[in-house]
Amino acid sequence: MELRAERNSTIFVSQFSVDEWLERLGDGIQADSIMDRIVHNNYEIPPTTENIRKKYDSEKNK
């Protein structure tokens, strides 16, 4: 992460919200360091409750 920070794009995909990441990584300097590099200058796309597969399957069957 250190080498990529502010130089290259990195994509993280998770079923947990960003607010829960620090708790799941655990307390400590390493967790703070990881979160510091991930959270700053990010774009977050929040999940929706809409099932995209069902939506596109129903459109395909029209």
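For trypsin sites (Lys or Arg not before Pro), the sites in the stretch 1-58 that DSSP calls loop and that have at most 16 other Cβ atoms within 10 Å are 4, 7. Dipole check for the stretch 18-62: with +1 at the C-beta of Lys and Arg, -1 at the C-beta of Asp and Glu, and the Cα centre as origin, the magnitude is about 560 Debye. Among the GluC sites (Glu not before Pro) within the chain, those in coil by DSSP and having at most 12 neighbouring Cβ atoms inside 10 Å are 2, 6, 44, 50. In the context of the full set of protein chains, residues of the chain present 100 Å² of accessible surface per residue (probe radius 1.4 Å, heavy atoms only).
Only one residue of 56, 40, 10 has its Cα farthest out toward the positive end of the dipole of the chain, where Lys and Arg carry +1 and Asp and Glu -1 on Cβ, and that residue is 56. With a/c under 1.5 counting as rounded, go ahead and sort the stretch 1-52 into rounded, prolate or oblate using the C-alpha gyration tensor (a ≥ b ≥ c being the square roots of the eigenvalues; past the cut-off, prolate if a/b is larger than b/c, else oblate). It is oblate, given that a/c is not under 1.5 and a/b is not larger than b/c. Heavy-atom surface analysis with a 1.4 Å probe gives the chain a carbon and sulfur content of 50 percent of its accessible area. For the chain, the 222 nm mean residue ellipticity estimated from helices alone, with every DSSP H stretch of n ≥ 4 adding -39500 (n - 2.57) and the total spread over all residues, rounds to -13000 deg cm²/dmol. A probe of 1.4 angstrom, applied to the heavy atoms of all protein chains, finds residue 27 with accessible area near 150 square angstrom. Looking at the chain, the chymotrypsin sites (Phe, Trp or Tyr not before Pro) that sit in a DSSP loop and have at most 16 other Cβ atoms within 10 Å of their own Cβ are 12, 16, 43.
The values are calculated or read from the model by the stated rules, or taken from the named source; none is laboratory data. Predicted model only: the values in this text are computed from it and were never measured. Please note: Cβ atoms are built from the backbone with ideal geometry, for glycine as well, and neighbour counts cover all protein chains shown. These accessible areas exclude ligands, DNA and RNA; they are computed on the full protein's heavy atoms, side chains included. Shrake-Rupley method; radii C 1.70, N 1.55, O 1.52, S 1.80 Å.
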